[in-house]
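*Asks:* Have a look at this one before I ask anything.
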Amino acid sequence: MIQSMTGYGKSVLQLPTKKISIELKSLNSKSLDLNARMPSMYRAKELDIRKLIARNLVRGKVDFSLFVEITGEDTSSKINKTVVKEYIKQLKEVVDGDAIELLKMAIRMPDAITTERDDIDEEEWSLISEEIDKAIANIVIYREDEGATLKQDFEDRISTLRRLLNEVITMDPERIDGVRARLEKGISDIKEKVDENRFEQELVYYIEKFDITEEKVRLENHLDYFTKALDSEDSNGKKLGFISQEIGREINTIGSKSNYAPMQKLVVQMKDELEKIKEQLLNVL
């Protein structure tokens, strides 16, 4: 089952004195690009969090956020009274103002509020870790749901490529007859008597140069391989990308060899479908 790299997961933990919200957001990226935001007291656990996310999400531009909202009386933030009083004293020397207004100004100054750094409570961290696991599980479910939508789109477009390839196969004898007719007309127009055996040899050689039998077979095999890769247990966007490059190579060769306007129109349609597949593959894990 393929997964999208686009996803969102959230989990909320309510503790006696605080509410902890954990959010994970991800977008497509060639590798894992992880940005983690959390209060400083939890930074000691950041490496463990990064390893856990990397193991489960593998690739993508991932934003991890851990928010803490104090809901009880306990708080680690304190007013630095000495600093605030000194600010107010200095402000009075500059302007005459209401004491409340001066306090509002002083409280916004640097170091007016201090935060006591507490050690992480291991029991509390165990609960937080469980919520992180839940948030990761939620974003994986989101990615799988998005992946199912992408898979259906890929299957539809591969089906369209198969239909266009069948039209190419059906049209090929008509194309070869056209090539033969143009060559014969060219010879008759110059009103030269030619050796029939030599002409047939040259005709066969010329037609072989425009033969697309191998390309048709390889393209069909690549389409089968792409479909098989879609149904594999692992989500491998890079592998699907490599297969799509091989599909494109065969389509381009058919186009360059076709030398036949109706077939070239089909090739243009095939290229358009493949380009849409490649665009969507950028979102696949």
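The values are calculated or read from the model by the stated rules, or taken from the named source; none is laboratory data. Fair warning: this is a prediction, and the values are worked out from it, not measured in the lab. Cβ atoms come from the backbone with ideal geometry, glycine included; neighbour counts cover every protein chain shown. For the accessible areas, the whole protein counts, side chains as well, though only heavy atoms, and no ligand, DNA or RNA atoms are used. Shrake-Rupley method; radii C 1.70, N 1.55, O 1.52, S 1.80 Å.
*Asks:* Return the total of residues in segment 269-285 being open to solvent by 70 Å² or more (accessible area, probe 1.4 Å) and in contact (Cβ under 8 Å) with a residue 12 or more places away in the chain. Walk me through how you get there before you give the answer.
*Replies:* Step one: of segment 269-285, the residues open to solvent by 70 Å² or more (accessible area, probe 1.4 Å) are 269, 271-272, 275-276, 278-279, 282.
From the residues that got through so far, the ones that are in contact (Cβ under 8 Å) with a residue 12 or more places away in the chain too are 269, 271, 276, 278, 282.
Here the count works out to 5.
*Asks:* Also: Taking interchain pairs and intrachain pairs at least six residues apart, which have beta carbon atoms under 9 angstrom, with the first residue in segment 234-252 and in contact (Cβ under 8 Å) with a residue 12 or more places away in the chain and more than 13 Å from E279 (Cα to Cα) and the second open to solvent by less than 70 Å² (accessible area, probe 1.4 Å) and acidic (D, E)?
*Replies:* E250/E215; I251/E215
*Asks:* Is there a residue in segment 144-153 that is hydroxyl-bearing (S, T, Y) and open to solvent by 70 Å² or more (accessible area, probe 1.4 Å)? Step through it out loud before you land on a result.
*Replies:* Within segment 144-153, the first condition is being hydroxyl-bearing (S, T, Y), and the residues that meet it are 149.
The next check asks that each one be open to solvent by 70 Å² or more (accessible area, probe 1.4 Å); those that pass are 149.
Looking through segment 144-153, at least one residue is hydroxyl-bearing (S, T, Y) and open to solvent by 70 Å² or more (accessible area, probe 1.4 Å).
*Asks:* How many residues are closer than 28 Å to L127 by Cβ and among the polar types (S, T, N, Q) when one looks only at segment 4-20? It would help to see each step written out before you state the result.
*Replies:* In the first step, residues of segment 4-20 are kept if they are closer than 28 Å to L127 by Cβ; the result is 7-20.
Adding the requirement that they be among the polar types (S, T, N, Q) leaves 11, 14, 17.
Residues flagged as closer than 28 Å to L127 by Cβ and among the polar types (S, T, N, Q) within segment 4-20 amount to 3.
*Asks:* Within the group Q264, Q269, Q280, which residue is more than 22 Å from S31 (Cα to Cα), in contact with a Leu (Cβ under 8 Å, 6 or more places away or on another chain) and not small (G, A, S)?
*Replies:* Working: Q264 fails: in contact with a Leu (Cβ under 8 Å, 6 or more places away or on another chain); Q280 fails: more than 22 Å from S31 (Cα to Cα).
When all the criteria are applied, what remains is Q269.
*Asks:* Is segment 36-47 home to any residue that is among the aromatic types (F, W, Y), over 13 Å from the mean Cα position of the chain (by Cα) and open to solvent by less than 30 Å² (accessible area, probe 1.4 Å)?
*Replies:* As a first pass, look at segment 36-47 and keep what is among the aromatic types (F, W, Y): 42.
Pick out the ones that are also over 13 Å from the mean Cα position of the chain (by Cα) and you get 42.
Okay, now just the ones that are also open to solvent by less than 30 Å² (accessible area, probe 1.4 Å), so 42.
So far as segment 36-47 goes, yes, one or more of its residues are among the aromatic types (F, W, Y), over 13 Å from the mean Cα position of the chain (by Cα) and open to solvent by less than 30 Å² (accessible area, probe 1.4 Å).
*Asks:* If I filter segment 39-71 down to residues being touching an Asp or Glu at 6+ places or on another chain (Cβ under 7 Å) and farther than 18 Å from E144 by Cα, which single residue comes out as modelled with the lowest pLDDT?
*Replies:* Across segment 39-71, the extreme among qualifying residues is M41.
*Asks:* Continuing with this model, one more query. Among S29, S11, S21, which is the only one that is open to solvent by less than 90 Å² (accessible area, probe 1.4 Å) and either in a loop (DSSP other than H, G, I, E, B) or touching a Cys at 6+ places or on another chain (Cβ under 9 Å) (or both)? First the steps, then the outcome.
*Replies:* On the way: S11 fails: either in a loop (DSSP other than H, G, I, E, B) or touching a Cys at 6+ places or on another chain (Cβ under 9 Å) (or both); S21 fails: either in a loop (DSSP other than H, G, I, E, B) or touching a Cys at 6+ places or on another chain (Cβ under 9 Å) (or both).
Only one candidate passes the filter, namely S29.
*Asks:* If you don't mind, another one. Against the conditions (1) farther than 30 Å from K25 by Cα; (2) of a type outside the set (V, I, T); (3) at pLDDT 95 or above, where does S188 fall short? Just the number, please.
*Replies:* Answer for S188: the failing condition is (3).
*Asks:* Do we find that G178 is open to solvent by less than 50 Å² (accessible area, probe 1.4 Å), modelled with pLDDT under 90, over 30 Å from V83 (Cα atoms) and not charged (D, E, K, R) in this structure?
*Replies:* On the way: open to solvent by less than 50 Å² (accessible area, probe 1.4 Å): yes; modelled with pLDDT under 90: yes; over 30 Å from V83 (Cα atoms): yes; not charged (D, E, K, R): yes.
Taking the combined requirement at face value, the residue satisfies it.
*Asks:* Might you check whether a residue that is within 22 Å of R43 (Cβ to Cβ) and among the charged types (D, E, K, R) occurs anywhere in segment 133-141?
*Replies:* Yes, the conditions are met somewhere in segment 133-141.
*Asks:* Mind checking which residues of segment 52-73 are assigned to a helix (DSSP H, G or I) and free of Cβ contacts under 8 Å to residues at least 60 places away in the same chain?
*Replies:* First, the residues of segment 52-73 that are assigned to a helix (DSSP H, G or I): 52-57.
Scanning segment 52-73 gives A54, R55.
*Asks:* Let me ask something additional. Could you please find all residues in segment 209-252 being in a loop (DSSP other than H, G, I, E, B) and farther than 25 Å from G60 by Cα?
*Replies:* F210, D211, I212
*Asks:* Now for a different question. Find the residue count for segment 253-263, including only residues that are free of Cβ contacts under 8 Å to residues at least 60 places away in the same chain, out of contact with any Phe, Trp or Tyr (no Cβ under 6 Å at 6 or more places or on another chain) and open to solvent by less than 80 Å² (accessible area, probe 1.4 Å). Explain how you work it out, then say what you get.
*Replies:* Within segment 253-263, the subset free of Cβ contacts under 8 Å to residues at least 60 places away in the same chain is 253, 255-257, 261.
Narrowing further to those that are out of contact with any Phe, Trp or Tyr (no Cβ under 6 Å at 6 or more places or on another chain): 253, 255-256, 261.
Right, trim to open to solvent by less than 80 Å² (accessible area, probe 1.4 Å) and you get 253, 255, 261.
Matching residues across segment 253-263 total 3.
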